[in-house]
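*Asks:* I'd like to ask you about the structure that follows.
All of the numbers you see were taken from the coordinates with simple rules; none came from a lab. In this text, all values refer to a predicted model and were calculated from it rather than measured experimentally. Cβ coordinates were reconstructed from backbone atoms using ideal geometry, including for glycine residues, and neighbour counts include every protein chain displayed.
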Amino acid sequence: MSVPFLTAAHVRAALAPGDAVEAVREAFVEHARGNWEMPSKVYVPVDGGDFRAMPAAGAGHTVLKWVTSFPRNPERGLPTVSGVVLLSDAATGELGALLDAGAVTALRTGAAAVLAAETLARPDAGPAAVVGTGVNGRAVASTFLARGREVLLWDAREEAAEAAAAELGAGATVAGSKDEALGAPIVATVTPGFEVVFEAGSLQPGQHASLMGADGPGKAEIADEELLRARVVCDEWEQASHNGDIGHALAAGLRREDVAELGRVLTGEEEGRRSNDEITVFDSTGLAVQDLAVALAVYERWRADPGGDRFAGVTEITS
């Protein structure tokens, strides 16, 4: 049996950011309907970061993502996120493909941030701001651009924001200040989650924020008081209530009935934005079903055209 290893370059070539949004939309909807299953994410904390095991099953396949998060790795010249995604046939157990976890994670992070913004932001909302321009932040910005929305970029390292703007090209500009970025109609925060980005009272009526960085224990991107005055939508309550921003806010009075799930908003089972002046916040902790959707979309494209230019140099592992 030969199993392809699809590198980061192959993953990016196979699935455009706009198409990733639609794949991730399906993942949220199928999970909300109970068709795609997702056991709890397992964290293995170590000094300076953590390892995560993320399984899911759906559409006749299973996935296991073994991935790391070491936020200070860029200081060492290493990626923050690395690992591998294993995609298998759910009927036979056969391994179908191995994929680069960093590229899969970036695609689905960008897709989730933008899908939430398109679902929850005001219909007349203008440009989006992306705070944090690492690999996943650039993926979020790239996805906004692919969906036809201009982006402002801000990073604590000015040179990183400038490099991202140059890489992304037309439609991407560097914000004049952090306050300018945080005042945009739509804001996506993609930070390490070590510091609060939205202090109490900082969000304005009608704004939407997609919080993508506080995806593990001890992380936060928004003050509890700020979350309590917003319409909060999470990726999945079970996971979000144990990690990140929602996990923090429970002690401050946030209740389960105050929080919707994005999948249920997409199916019409729960309300998203309820008025133009309402502040909406999407709290993302990252779901394995999103990884399954992206990995499966890439794999199907490889199966349809294994000899195509975008899959040049694919290594097949024989067992």
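*Asks:* Long-range amide H contacts for GLY96: which residues qualify at under 5 Å (H placed 1.01 Å from N, peptide plane, sequence gap of 5 or more or a different chain)?
*Replies:* Hits under the 5 Å cutoff: LEU87, SER88, ASP89.
*Asks:* Another question, then. With N residues in segment 148-254, what two-decimal value do you get for its Cα radius of gyration over 2.2 N^0.38 Å? Don't jump to the answer; show the numbers that get you there.
*Replies:* Working: Rg = 14.5 Å, N = 107, 2.2 N^0.38 = 13.0 Å.
Relative to the 2.2 N^0.38 Å estimate, segment 148-254 comes out at 1.12.
*Asks:* Same structure, new question: When the Karplus curve 6.51 cos²θ - 1.76 cosθ + 1.60 is applied with θ = phi - 60°, which whole-Hz ³J(HN,Hα) does each residue of segment 11-19 get, with x for Gly and Pro?
*Replies:* Residue by residue, segment 11-19 yields 4, 5, 6, 7, 9, 6, x, x, 5 Hz.
*Asks:* With a 10 Å radius around each residue's Cβ, average the other Cβ atoms per peptide and rank 242-253, 99-110, highest first.
*Replies:* Details: 242-253: 19.3, 99-110: 27.6.
So the peptides 242-253, 99-110, ranked by packing, come out 99-110, 242-253.
*Asks:* State to the nearest 20 debye the size of the charge dipole of segment 110-283 about its Cα centre, where the only charges are +1 on K and R beta carbons and -1 on D and E beta carbons. Walk me through the numbers on the way to the answer.
*Replies:* Values: 14 positive and 30 negative charges, 58 e Å.
Dipole of segment 110-283, to the nearest 20 debye: 280 debye.
*Asks:* Then there is this: Restricting to Cα pairs below 8 Å that are 6+ residues apart, what does the relative contact order work out to for segment 110-283? Please round to a whole percent.
*Replies:* Working: 370 pairs, mean separation 38.6, N = 174.
For segment 110-283, the relative contact order is 22 percent.
*Asks:* Measure out, as a whole number of angstrom, how far apart the alpha-carbon centroids of segment 176-213 and segment 249-319 sit.
*Replies:* Here the answer is 21 Å between Cα centres.
*Asks:* Same structure, new question: Show me 112-122, 143-153 ranked by packing, highest mean number of other Cβ atoms within 10 Å first. List each step's numbers first, then the result.
*Replies:* Working: 112-122: 24.5, 143-153: 20.9.
Put in order of decreasing packing, that is 112-122, 143-153.
*Asks:* Continuing with the same structure: How high is the FRET efficiency between GLU270 and GLN204 when r is their beta carbon distance and R₀ equals 25 Å, given to the nearest 0.05?
*Replies:* Once the sixth-power term is evaluated, E becomes 0.55.
*Asks:* Could I ask something else about it? Cα axis of helix 101-120 to longest principal axis of the chain: angle in degrees, 0 to 90, nearest 10?
*Replies:* Roughly 40 degrees between the two axes.
*Asks:* How far is helix 135-146 tilted off the main Cα axis of the chain, in degrees rounded to 10, range 0 to 90?
*Replies:* With both axes taken from Cα atoms, the answer is about 80 degrees.
*Asks:* Please determine, in degrees from 0 to 90 and to the nearest 10, the orientation of helix 158-168 with respect to the longest principal axis defined by the Cα atoms of the chain, where the helix direction is its Cα long axis.
*Replies:* The helix 158-168 is inclined about 60 degrees to the chain.
*Asks:* Further question on the same structure: How many angstrom lie between the Cα centre of segment 29-102 and the Cα centre of segment 118-171?
*Replies:* Taking the Cα centre of segment 118-171 as reference, the centre of segment 29-102 is 25 Å away.
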